[in-house]
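The values are calculated or read from the model by the stated rules, or taken from the named source; none is laboratory data. What you see is a predicted model, and the numbers here were worked out from it, not measured in a lab. As a convention, Cβ positions derive from the backbone with ideal geometry for all residues, glycine included, and neighbour counts pool all protein chains shown. Just so you know, the surface numbers come from the protein's heavy atoms only, side chains and all, with ligands and any DNA or RNA stripped out. Shrake-Rupley method; radii C 1.70, N 1.55, O 1.52, S 1.80 Å.
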Amino acid sequence: MRTEFLTIFWRDMLKFFRIKAMLFTSLIQPALWLALYGISMSSNFDSIIPKIPINQGVIQVNYLTFMAAGVISLTILFTCLYSGITLQFDKEFGLMKEMLASPLPRSHILIGLSLSGIAKSLIQTFIILVFGYVLGVRFFNTFSLMETIFSVLGILLFILLFAIGLLFLSSTIALRLKTHEGLQGVITLLSLPLFFASNALYPITSLPLAIKIISYGNPVSYFIQGLRYFTLGSNFYSFGNYYQYSSFDVLFALLFLLGFAISTYLFALRTIKKVKIV
Amino acid sequence: MVAYEITVEGLKYQYGKIKAVNDISFKVIKGEIFSFLGPNGAGKTTTINVLTTLLPIQKGKISISGFDLRTQPDEIRKSIGIVFQNETLDWNLTVEETLEFHGRLYAIPKKTRKDRINELIQIVKLEEKRDEFVKNLSGGMKRKLEIARGLLTRPKVLFLDEPTIGLDPNSRMRIWNYIKKVNKEGVTIFLTTHYMDEADQLSNNICIIDRGKIIANGFSEVLKQSLGMDVIYLQTDQDEKTFKIIKKMKEIKNIRKTPSELMISVEDGQKNMPRLIEQIRTQGIEIKSIYLKKPTLDDVFIHYTGRYFREEKKKKINI
């Protein structure tokens, strides 16, 4: 098997750890979301939301724990969407010429980058988990050891699909746009509906219809669904809402993300095969 | 028999309606330094981009190192090295990492990769900059690094697109020396340049391209001689009388008199200058100074593009 994609992965990770400002901000940002937004909102919500009597055996999840999954998705969303910018810079500053003139299959550029996207996402998720625990996020609360291990594997799988889907999406946009200034604008614009028209910070059920529709077609929603299932369990109360996830729901979410990753990959591959450098 | 490393037949490349390369053919001999000389916008970079598989081939037939460009582009990619016109370096990598990245792109085995990187860093004298970030290198060093990178895969052909553009005279000389050295190791060099002196310095075989067409192709000396325009500058104590004498000589193409000297256009100046001197001396005229100026590639270029422009005009009138 050809493993040249590891070269692309190697370079991207080298730069991730080397450019200290990038490393520092990408690790601090999710922690700040949890600390600032999470703490302030949960101190409000947890006092406002009446303690509805809940069924025996169903756990009540505090808002901070509820939105921690949202922060993970937000972080991965931004990291991966912005990772495509690398390709734009490579194109603009000529580095891509070196890659395109080499025998490296073009798909390897995408695969290499998606690997580094996954790696960055995992590092960030780990930081959120640790920092979140310090602040009071309680994941895997009622889980047995086996359940926890199973859940971690599930989380890894969801992160993998979500991260590469986003990466291929941003790669496609990056390769099609001419300037990195334009790209930054498009990515920022795109990230807003992706994040807010989802169940990241609040339940979908009470959203206005239009936003609800978007959120049902939004990979972010399905990622979070999977994430909550694997961290909080199949039924819990939070934010005044009763959540129940069946195995079918989780499987559907998984297939949705798989479809998302495959379709964005095909788009990205088509785009990168057409890239001409003059 | 002469072996060719590159053969190009009837290459055409169009950007929309603009014909950047318009039906060119040429051959590069194995082991030579071949110069592709022309002004900016002549079609040099387009040609090099097609040859290096960066642009798709539209019309024509190209073979490099025995591989056909249409059917075996990957084989060609493996057997060539490229130094692009504009810098293509990652500023956040070190010198060594830059080479390491390239070696991995071409899947060179680890041991070989390490050995070659060490060797090349020495050759281009960047030993002390090994762990330096690319962003901290000077322009000349960056170029040397790019040349080293181009050589990492031990290519049969090294493509250099304007290798000394924007460098100071000292760095240019040094880069020229590296190019010659690399060539001596057996690497065929394909060079594009818009500097006449560069083409003249480095290569024997020169192809002059202008507006997408090849207007002259051949060995530098042959090209210059083809102009038949050596000029002899002559000062004597009796210019008037000399003028009359040499006017009768059949080798002389043209004479012009300036207040200080005679400018004599002559074919094959080296051969005819001694005869000229003899003729004048036998008439008892004293020569104060005499020198011969061979045409430069600049003259060749002006000569050919001049004719090219005139032909173009004629065509328009005919229409």
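A few points about this structure:
- Residues located in segment B:122-171, provided they are surrounded by fewer than 22 Cβ atoms within 10 Å (Cβ to Cβ), within 24 Å of A:Phe93 (Cβ to Cβ) and basic (Lys, Arg): B:Lys129, B:Arg130, B:Lys135, B:Lys142
- Residue in segment B:105-115 that is open to solvent by less than 10 Å² (accessible area, probe 1.4 Å) and more than 13 Å from chain A (Cβ to nearest Cβ) present: no
- Test: residue in segment A:149-159 that is assigned to a helix (DSSP H, G or I) and farther than 17 Å from A:Ala69 by Cα: yes
Results for (1) more than 11 Å from B:Leu152 (Cβ to Cβ); (2) of a type in the set (S, T, N, Q); (3) assigned to a helix (DSSP H, G or I), shown as yes or no for each residue.
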| site | (1), (2), (3) |
| --- | --- |
| B:Ile76 | yes, no, yes |
| B:Asp90 | yes, no, no |
| B:Thr98 | no, yes, yes |
| B:Ala107 | yes, no, no |
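- Helices (runs of 4 or more DSSP H) (entirely within segment B:127-241) containing at least 3 residues that are closer than 28 Å to A:Glu98 by Cβ and within 11 Å of the chain's Cα centre (by Cα): B:196-202
- Hits in segment B:21-57 (condition: in a strand (DSSP E or B), of a type outside the set (Phe, Trp, Tyr) and away from chain A (no Cβ under 14 Å)): B:Asn22, B:Asp23, B:Ile24, B:Ser25, B:Lys27, B:Val28, B:Ile29, B:Ile33, B:Ser35, B:Leu37
- In the set B:Leu152, B:Leu126, B:Leu158, only one residue is in contact with a His (Cβ under 8 Å, 6 or more places away or on another chain), of a type in the set (A, V, I, L, M) and under 20 Å from B:Leu89 (Cα atoms); that residue is B:Leu152.
- Boolean, B:Thr47 is open to solvent by 10 Å² or more (accessible area, probe 1.4 Å) and more than 23 Å from B:Gly139 (Cα to Cα): no
- Selection count where residues are open to solvent by 10 Å² or more (accessible area, probe 1.4 Å) and of a type in the set (Val, Ile, Thr), scope segment A:62-110: 4
- Of the helices (runs of 4 or more DSSP H) lying entirely inside segment A:58-135, the ones with 3 or more residues being in contact with a Gly (Cβ under 6 Å, 6 or more places away or on another chain), more than 14 Å from chain B (Cβ to nearest Cβ) and not acidic (Asp, Glu) are found at A:63-83.
- The set of residues from segment A:205-245 being open to solvent by 20 Å² or more (accessible area, probe 1.4 Å), part of a loop (DSSP other than H, G, I, E, B) and at pLDDT below 85 comprises A:Thr205, A:Ser206, A:Ser234, A:Phe239, A:Gly240, A:Tyr245.
- Scanning segment B:77-92 for residues that are at the interface with chain A (Cβ under 7 Å from one of its Cβ atoms) and touching a residue at least 12 places away in the same chain (Cβ under 8 Å), we see that the one that is surrounded by the most Cβ atoms within 10 Å (Cβ to Cβ) is B:Ile82.
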